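Notes to accompany the following structure.
The values are calculated or read from the model by the stated rules, or taken from the named source; none is laboratory data. Note that the structure is a prediction, hence the values are computed from the model and not measured. Every residue, glycine among them, receives a Cβ derived from its backbone with ideal geometry; neighbour counts consider all protein chains shown.
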């Protein structure tokens, strides 16, 4: 029909223009290339699940989660990779994290290259790397094979060929400085300002102090204080600052003060003192501490030779100075690893035998939620935000 | 070892030890404490684990070398008591490296081992190289092959 | 029956039926956690005890070692300290590597008691390397396992240390001698 004042041909165009103009007021196309970023300082309720992807470990993952978030998908903040049983250390003084990992040039074969990869906490993107001697220890996830000392200026990597040593990396200049042999000893427990201690097969502790260039200043061996055959000390203590609380296979606790030049090794005491049932510590990461210095321990009953990696059905809470049991937390499912988030109201997060993460209020022991089905396979070790 | 009847595993290879030594016990202790790295024939691996076969006997040609064999952490930090450790080291020398030993061969005693193992070597690779370099100079008649890097 | 059996009986029955990835992961959780001593991973359960003189053989060789039990089950006597995938479920056997994988000579050594004769045998847990994780028959038992500072008694270590590739595929359990306490 003819509309006075309009040419028929231009009606559709006119209508289209009118429509377009009104739509444009409500719709802005999504820009290309939007990428989320995380805060430079992670909230205290965040944890990083170290997933070695045991069935295809070249594709290891570190998954960042908010353990306080009830939203199945909202709690998932991001992830970054770690190749072939990688280990993780998290800086506190800067928004950086370190992953030590192994690559083969043809995936499953070819030339081996070990690197320390630098990750930015905000972008979760790699921002640098240092190539290391290809001898880092290839083991199940364990925090003490990669540690930071000297106010986070030096990164220390535990090597095993099977001869053991420690590679030293300058983290600000991103430079490999050298290697320190630690024959017969293993793992890295930061000691003093710029040193580390290792546990030795003969039951002693070796302590090495470095100079600013990563060269050895001094090496000292302690008196033997345990028998690796009769009652081995776990090489995975609960750390609180420079206090290292080592559980033993038979269920004792040996606290070692690593704040000075030489370790101060306290006498052992029995964790299950007075409690019946043959309770012993066990798991992949069985011992952790909260910000207040309380020690949490995964415990299983009926302990015997060979049960030191069994899942724990309870977490026991200890005051290590008073040498007393403060609380027993019954777990809804047995767990193989625990972690405590920092701060005054810590969460106790436990990797359970279904390989999901149970979150408990550490004070009351109440189970709050389970973090499940977040793309994980074998989240064997957990790191609280720092 | 694969495929051998169990009985053969128990046979002695006729290695002569000093009085009181137990060949079978030494052999088992070698399996449990050394073989995992130094391998059943004492071959080691070229760049990582020192070779014992036709080699370890050279160390007894110097005092430092003799001490080194007990100072080295794999020996010093062994769970074995001193007497069994001495027996094991003596068996290892005779079983894997008899041609390289000095004559007469002076076996380690439990007392010697007890003393030496108190000082585990902190940098075994460097010391090993030093000892062998010294022996190559002072005892060229041994014709010690160059150490693999 | 220990507390692990009691607690997980339900779960295991469910797991055995399920073929889902979730079910497989629950098995993994229990295996990794060391409960494997009580749960064979395959439907061939403990009840099938077989006397076998040739149990240790490969390619028709007879070792002469008397053995019972199922070499494809986590609770087979040789696996008292195994940590990994059974090579027998991966195209190899308890003493042979699967095709194309390379046996590590460097290894860790344990001792296990043989129920067929009551003696303790020395077991060499050589890994097979150069291929990615086999993924079948994951077992973890820890008798006389010790922490990493006792390197030659530690099963948490990837022992593919003298092979061309460090990538871990599966684990064997070779009987190499008799322990002295027998």
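Structure above, values below:
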{"read-out": "Unmet criterion (only one of (1) touching a residue at least 12 places away in the same chain (Cβ under 8 Å); (2) under 23 Å from residue A:88 (Cβ atoms)) for residue A:173", "value": "(1)"}
{"read-out": "Single match in B:82, B:41 (criterion: within 14 Å of chain A (Cβ to nearest Cβ) and within 18 Å of residue B:23 (Cα to Cα))", "value": "B:82"}
{"read-out": "Filter pass, residue A:336 being within 14 Å of chain C (Cβ to nearest Cβ) and modelled with pLDDT of 95 or more", "value": "yes"}
{"read-out": "Any hit, the range B:102-120, residues being touching a strand residue (DSSP E or B) at 6+ places or on another chain (Cβ under 8 Å) and either within 15 Å of residue B:52 (Cβ to Cβ) or part of a loop (DSSP other than H, G, I, E, B) (or both)", "value": "yes"}
{"read-out": "Strands (runs of 3 or more DSSP E) contained in the range A:110-150 and holding at least 1 residues touching a strand residue (DSSP E or B) at 6+ places or on another chain (Cβ under 7 Å) and surrounded by fewer than 19 Cβ atoms within 10 Å (Cβ to Cβ)", "value": "A:112-120, A:126-132"}
{"read-out": "Those residues of the range B:113-141 which are touching a residue at least 12 places away in the same chain (Cβ under 8 Å) and buried (at least 17 other Cβ atoms within 10 Å of the Cβ), in sequence order", "value": "B:113, B:116, B:117, B:120, B:121, B:124, B:127, B:128, B:131, B:132, B:135"}
{"read-out": "Any hit, the range A:362-373, residues being modelled with pLDDT of 95 or more, surrounded by 19 or more Cβ atoms within 10 Å (Cβ to Cβ) and within 24 Å of residue A:240 (Cα to Cα)", "value": "yes"}
{"read-out": "Condition met for residue C:177 (surrounded by 23 or more Cβ atoms within 10 Å (Cβ to Cβ), more than 16 Å from the chain's Cα centre (by Cα) and more than 10 Å from chain A (Cβ to nearest Cβ))", "value": "yes"}
{"read-out": "Matching residues in the range A:244-289 - criterion: being part of a loop (DSSP other than H, G, I, E, B) and closer than 24 Å to residue A:381 by Cα", "value": "A:249, A:250, A:251, A:258, A:271, A:279, A:282, A:283, A:284, A:286"}
{"read-out": "Only one of B:93, B:69, B:52 that is outside any helix (DSSP H, G or I), away from every other protein chain (no Cβ under 12 Å), at pLDDT 90 or above and in contact with a helix residue (DSSP H, G or I) (Cβ under 6 Å, 6 or more places away or on another chain)", "value": "B:52"}
{"read-out": "Condition met for residue B:144 (on the phi < 0 side of the Ramachandran plot, at pLDDT below 95 and surrounded by 13 or more Cβ atoms within 10 Å (Cβ to Cβ))", "value": "yes"}
{"read-out": "Count - residues of the range C:136-158 that are farther than 21 Å from residue A:283 by Cα and within 8 Å of chain A (Cβ to nearest Cβ)", "value": "0"}
{"read-out": "Residue check, residue C:133 under 19 Å from residue A:59 (Cα atoms), out of contact with any helix residue (DSSP H, G or I) (no Cβ under 7 Å at 6 or more places or on another chain), within 12 Å of chain A (Cβ to nearest Cβ) and in a loop (DSSP other than H, G, I, E, B)", "value": "no"}
{"read-out": "Residue within the range C:99-114 that is out of contact with any helix residue (DSSP H, G or I) (no Cβ under 8 Å at 6 or more places or on another chain) and not in a loop (DSSP other than H, G, I, E, B) present", "value": "yes"}
{"read-out": "Search result, residues across the range A:224-238 that are at pLDDT 95 or above, surrounded by fewer than 19 Cβ atoms within 10 Å (Cβ to Cβ) and either at the interface with chain C (Cβ under 10 Å from one of its Cβ atoms) or in contact with a strand residue (DSSP E or B) (Cβ under 8 Å, 6 or more places away or on another chain) (or both)", "value": "A:225, A:231"}
{"read-out": "Check on residue C:71, touching a strand residue (DSSP E or B) at 6+ places or on another chain (Cβ under 8 Å), surrounded by fewer than 23 Cβ atoms within 10 Å (Cβ to Cβ) and either touching a residue at least 24 places away in the same chain (Cβ under 8 Å) or not in a loop (DSSP other than H, G, I, E, B) (or both)", "value": "no"}
{"read-out": "Answer residue from the range A:316-337, given it is in a strand (DSSP E or B) and in contact (Cβ under 8 Å) with a residue 40 or more places away in the chain and is surrounded by the fewest Cβ atoms within 10 Å (Cβ to Cβ) among those", "value": "A:325"}
{"read-out": "Scope the range C:159-174; condition facing chain A (nearest Cβ under 7 Å) and under 13 Å from residue A:104 (Cβ atoms); matching residues", "value": "C:164, C:165, C:166, C:167"}
{"read-out": "Candidate set: the range C:96-107, residues that are within 9 Å of chain B (Cβ to nearest Cβ) and in contact with a strand residue (DSSP E or B) (Cβ under 7 Å, 6 or more places away or on another chain); chosen: the one surrounded by the most Cβ atoms within 10 Å (Cβ to Cβ)", "value": "C:107"}
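Here's the yes/no breakdown for (1) surrounded by fewer than 24 Cβ atoms within 10 Å (Cβ to Cβ); (2) facing chain B (nearest Cβ under 9 Å); (3) part of a strand (DSSP E or B):
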position	(1), (2), (3)
A:179	yes, no, yes
A:187	no, no, yes
A:212	yes, no, no
A:218	yes, no, yes
